[in-house]
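Right, one structure below, let's go through it.
The values are calculated or read from the model by the stated rules, or taken from the named source; none is laboratory data. None of these values were measured; they are calculated from a predicted model. No Cβ is skipped: glycine too gets one built from the backbone with ideal geometry, and neighbour counts run over all protein chains shown. Please note that ligands, DNA and RNA were not included when accessible areas were found on the heavy atoms of the full protein model with its side chains. Shrake-Rupley method; radii C 1.70, N 1.55, O 1.52, S 1.80 Å.
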Amino acid sequence: MMKLSVKLKNLLSRNLLVIATFLIALMAIFSTQVIAEENKPHWSYGGAANPTQWGEISPNFALCELGKNQSPININNAVEGTPIKIQFNYQPTPLLVVNNGHTVQVNYKSGSTIKLNAEEYELIQFHFHTPSEHTINNKASALEMHLVHRNAQNQLAVVGVMINKGANNPFIAQIWQHIPTLGKNNAVQNSTINAANLLPKNKDFFSYNGSLTTPPCSENVKWNVLIEPIQVAEKQIEAFQSLYQVNARPVQPVNARIVEFHGQ
Ligand SMILES: [Zn+2]
């Protein structure tokens with residue numbers, strides 16, 4: 001009886017130690033998460049942290065207010081540019097959908113690229129805005145998709161695709177179907193997606209020198225906005241807008257920039 005209670009005590013204290021260690025580890029993880037959140041300034045599309053305030057939120061966001069080459073813009077008065085093409089070399093990627101609080105994003109594994117002026121950029125992710133951020137002759141589309149690419153020198157090139165109301169889009173359906181809850185990632189088992197299926201047939205495009213359309217609004221981003229829109233069903237627009245009613249930065253001054261048209 002004596003022996004048993006000693007054993008029991010030992011067992012209990014060992015278990016308590018395990019529990020205590022676990023709790024301490026949990027607290028450590030939690031507190032680093034809190035710190036990480038605190039270090040990330042909050043910005044949004046409405047309320048006190050709306051786009052007109054981004055430049056004030058953090059010194060790191062100063063370009064949002066002071067930059068002279070900001071995106072998006074209204075595209076008009078484009079000049080005829082060299083008749084270059086964007087070479088798309090997109091491969092299927094395992095479907096990984098992220099709901100990050102600013103947009104719905106699909107992350108891309110390495111190996112998919114575009115070639116732009118003989119320069120190769122790798123596709124990192126694509127995501128969506130509503131309504132479209134760019135406007136063409138002052139006309140907005142229901143949504144805009146941004147395919148974000150990076151080259152070996154860490155320069156960014158974004159391809160913008162306008163999305164209008166029309167036929168149901170099965171590739172958009174595949175993404176929408178797997179949107180996780182806010183702040184979560186969803187690595188969908190046995191499911192791949194190819195961004196090539198979300199491009200319009202005609203690849204004529206406008207190009208200009210711009211920025212990220214979200215804080216920190218970094219500049220020297222090569223923008224390439226395809227002229228031909230793709231289509232999604234009204235229901236698919238509504239589904240996105242039920243999560244993100246508006247997540248588009250208003251158009252910014254063009255200033256000294258020239259927008260080029262590249263037709264084929
Ligand atoms: Zn974007």
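Across all directions, the shadow cast by the convex hull of segment 177-261 built on its C-alpha atoms averages 7.9 square nanometres. Surface analysis of segment 49-262 yields an accessible area of 47 Å² per residue, using protein heavy atoms and a 1.4 Å probe.
Taking segment 199-227 and a reference point 7 angstrom along Cα→Cβ of N117, the backbone N atoms nearer than 19 Å belong to 204-212, 218-227. Multiplying the residue separation of N194 and I258 by 0.36 nm and removing their Cα-Cα distance gives an extension gain of 19.8 nm. In terms of accessible area, using a 1.4 Å probe and ignoring ligands and nucleic acids, R257, R249 rank largest first as R257, R249. Here the accessible area is traced with a 1.4 Å probe on the protein chains. For segment 49-262, carbon and sulfur cover 49 percent of it.
W176 contributes about 40 Å² of solvent-accessible surface, heavy atoms of the protein only, 1.4 Å probe. Among the listed pairs K40/K222; K40/K68; K115/K203; K68/K115; K40/K115; K165/K203, which have their C-alpha atoms separated by more than 23 angstrom in this model? Flagged as over cut-off: K40/K222; K40/K68; K68/K115; K40/K115. Stretched out straight at 0.36 nm per residue, the stretch from L243 to K85 would grow longer than its current Cα-Cα span by 53.4 nm. Relative to the Cα centre, the charge distribution of segment 49-262, modelled as +1 at Lys and Arg Cβ and -1 at Asp and Glu Cβ, gives a dipole magnitude of about 280 debye. Local charge for F61 was computed over the other residues whose Cβ lies under 15 Å away, with Lys and Arg +1 and Asp and Glu -1, and equals -1.
Shown are I124, I258, I75, whose ranking by accessible area with a 1.4 Å probe and every protein chain present, most to least, is I258, I124, I75.
Loop-located trypsin sites (Lys or Arg not before Pro) in segment 147-190 (DSSP state other than H, G, I, E, B) with a sparse environment of at most 15 neighbouring Cβ atoms within 10 Å: K184.
What is the extension gain from N50 to N77, computed as 0.36 nm multiplied by their sequence separation minus the C-alpha to C-alpha distance, in nm to one decimal?
Between N50 and N77, full extension yields an extra 6.8 nm.
Charge dipole of segment 114-192 (Cα centre as origin; +1 on each Lys and Arg Cβ, -1 on each Asp and Glu Cβ, all else neutral): 220 debye, rounded to the nearest 20.
Along segment 240-251 the Karplus relation, 6.51 cos²θ - 1.76 cosθ + 1.60 evaluated at θ = phi - 60°, assigns HN-Hα couplings of 5, 6, 6, 9, 10, 5, 9, 9, 10, 6, x, 5 Hz to successive residues, with x for each Gly and Pro.
Once all protein chains are placed together, V225 keeps about 0 Å² accessible to a 1.4 angstrom probe.
Projecting each Cα onto the charge dipole of segment 152-264 (Lys/Arg +1, Asp/Glu -1 at the beta carbon, about the Cα centre), which of G210, A157, L243 comes out farthest on the positive side? Toward the positive end, the furthest listed residue is L243. L156 exposes around 40 Å² of accessible area when a 1.4 Å probe is run over every protein chain in place.
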